[in-house]
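To start, the structure under review is shown below, and the notes come after it.
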Amino acid sequence: MTQDLENTAYALPLEPPAGDHIVRATAHDGLVRAFAARTTDTCREMVRIHGLSPVAAAALGRLATGVQIMSQDLKNPDDRITAIVRGDGSLRGLTVTCGPDAMVRGYAWEPVVETTYRSAGKLDVGSAVGHGTLTVIRDSGRGEPYIGRVELVSGEIGDDLAAYYANSEQVPSAVGLGVRMDGGGILHAGGFLVQLMPDAGEALAEWMQERMAGFPDVTWLLNEGFGPRQILDLLMGDPDIRYLGEVPCGFRCDCSRERMSRNLATLGDEDLHDLMSEPEGAELTCHFCGQRYHFFREDLQAIFDHARDRTGQDQP
Ligand code: ZN
């Protein structure tokens, strides 16, 4: 089929720009399901917190967007999905984690890297990530977490998440993720995930593939005034598309002094003694949001005494 986007695109009703959100839909008699998200504010917040250079902002923003969408498959309030990219490029890696409420947090292992371009205006995320792996952990807080790992396809993140779905979960998927910037910061960010259900036939698979191949960048569509709902409409090309829900998404770190104390309590004796040897105590920084927590020596002593009491160990 021919892709007459020029004519269909502008005929759609445009909704006024709203905050970050994810829309979910099914189409083609339930044989295709899809999600689309606007994540501009999420990405701006990560740039603000971490002082990310453009390539780091694009890489982290794409992964965060993908994980926010993936979080919509989580069932219980305590469930978490975590994605870790490890590469041999200048970025070294990315860590992102999200609960079912689509509130994500994450960081780039190297927040500032050289700005290089793949082509005019296209940041070279793939080279900054390099060769490596993508690990996805689904943890319900009970029992063993489900862990899937794939080799990075391109390091451009979208392709890598699609490869994860195809290889690790055996679900044919297309993922489009984008972060558009200018000198002043992030202009638009968003993404989509399209998946074929097991009963989708060859013909539908081919038709969707063709449609994907001609599909414009998500950030171009956002820039033209399309919201996630209109992006899904365009993607699916089905007048009987069914919208199943729309949820807000964003950035939030759930670190606290109490959580930091719990982490400290799990340290080995040698690390504890190192921390306690400092007269001013220890300052710990949350990787995800940059929040600092100061612990005086007496605080540290109390945490360790408490931990020992609980594990029944002898006092040194
Ligand atoms: Zn934090």
> Being within 17 Å of Arg38 (Cβ to Cβ) and among the β-branched types (Val, Ile, Thr), is that true of even one residue in the stretch 220-235?
Replying inline: yes
>> Just to verify a result, which residue in the stretch 284-301, among those that are in contact with a strand residue (DSSP E or B) (Cβ under 6 Å, 6 or more places away or on another chain) and within 14 Å of the ligand (Cβ to nearest atom), is nearest to Arg48 (Cα to Cα)?
In response: Phe288
> Mind checking which residues of the stretch 146-158 are under 23 Å from Leu74 (Cβ atoms) and open to solvent by 50 Å² or more (accessible area, probe 1.4 Å)?
Replying inline: Tyr146, Ile147, Arg149
> Restricted to the stretch 118-134, and to residues that are out of contact with any Phe, Trp or Tyr (no Cβ under 9 Å at 6 or more places or on another chain) and at pLDDT below 95, which residue is surrounded by the fewest Cβ atoms within 10 Å (Cβ to Cβ)?
Replying inline: Ala120
> Quick check: is even one residue across the stretch 302-313 within 16 Å of the ligand (Cβ to nearest atom), of a type in the set (A, V, I, L, M) and out of contact with any His (no Cβ under 8 Å at 6 or more places or on another chain)?
Replying inline: no
>> Being aromatic (Phe, Trp, Tyr), touching a residue at least 40 places away in the same chain (Cβ under 8 Å) and either in the same structural domain as Trp207 (by TED's automatic domain parsing) or surrounded by 12 or more Cβ atoms within 10 Å (Cβ to Cβ) (or both) narrows it down to one residue among Phe288, Phe296; which is it?
In response: Phe288
>> Within the stretch 245-260, does at least one residue satisfy the condition of being of a type in the set (Gly, Ala, Ser), within 21 Å of Ala37 (Cβ to Cβ) and away from the ligand (no atom under 16 Å from the Cβ)?
In response: yes
>> Could you check the stretch 160-170 and list, in sequence order, the residues that are out of contact with any Pro (no Cβ under 8 Å at 6 or more places or on another chain) and open to solvent by 30 Å² or more (accessible area, probe 1.4 Å)?
In response: Asn167, Glu169, Gln170
>> Can you find a residue that is modelled with pLDDT of 95 or more, within 26 Å of Val218 (Cβ to Cβ) and within 16 Å of the ligand (Cβ to nearest atom) anywhere in the stretch 232-243?
In response: no
> Tell me, which residue of the stretch 264-285 that is polar (S, T, N, Q) and surrounded by fewer than 12 Cβ atoms within 10 Å (Cβ to Cβ) is farthest from Ala307 (Cα to Cα)?
Replying inline: Ser277
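Can you tell me which residue in the stretch 77-91 is nearest to the ligand (Cβ to nearest atom), limited to those that are farther than 11 Å from Ala59 by Cβ and over 11 Å from the mean Cα position of the chain (by Cα)? Spell out how you get there, then give the answer.
Kept after step one, since they are farther than 11 Å from Ala59 by Cβ, are these residues of the stretch 77-91: 77-84, 86, 88.
This time we only want the ones that are over 11 Å from the mean Cα position of the chain (by Cα), so: 77-80, 86, 88.
Details: Pro77: 19, Asp78: 18, Asp79: 19, Arg80: 15, Arg86: 22, Asp88: 28 Å.
The extreme case among them is Arg80.
Yes/no per residue for (1) in a helix (DSSP H, G or I); (2) open to solvent by 30 Å² or more (accessible area, probe 1.4 Å); (3) touching a residue at least 24 places away in the same chain (Cβ under 8 Å); (4) more than 24 Å from Asp124 (Cα to Cα):
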| site | (1), (2), (3), (4) |
| --- | --- |
| Glu45 | yes, yes, yes, no |
| Ala58 | yes, no, yes, no |
| Gly66 | yes, no, yes, no |
| Val85 | no, no, yes, no |
| Thr95 | no, no, yes, no |
| Pro100 | no, yes, yes, yes |
| Tyr107 | no, yes, yes, no |
| Glu110 | no, yes, yes, no |
>> Within the stretch 220-229, does at least one residue satisfy the condition of being on the phi > 0 side of the Ramachandran plot, more than 16 Å from the ligand (Cβ to nearest atom) and in contact with a Pro (Cβ under 8 Å, 6 or more places away or on another chain)?
In response: yes
>> Just checking: which of the strands (runs of 3 or more DSSP E) contained wholly in the stretch 144-204 hold 3 or more residues that are of a type in the set (A, V, I, L, M, F, W, C) and out of contact with any Asp or Glu (no Cβ under 6 Å at 6 or more places or on another chain)?
In response: 173-182, 185-196
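The values are calculated or read from the model by the stated rules, or taken from the named source; none is laboratory data. Worth saying up front: this structure is predicted, and the values here are computed from it rather than measured. Cβ atoms come from the backbone with ideal geometry, glycine included; neighbour counts cover every protein chain shown. The area values use the complete protein model at the heavy-atom level, side chains included, leaving out ligands, DNA and RNA. Shrake-Rupley method; radii C 1.70, N 1.55, O 1.52, S 1.80 Å.
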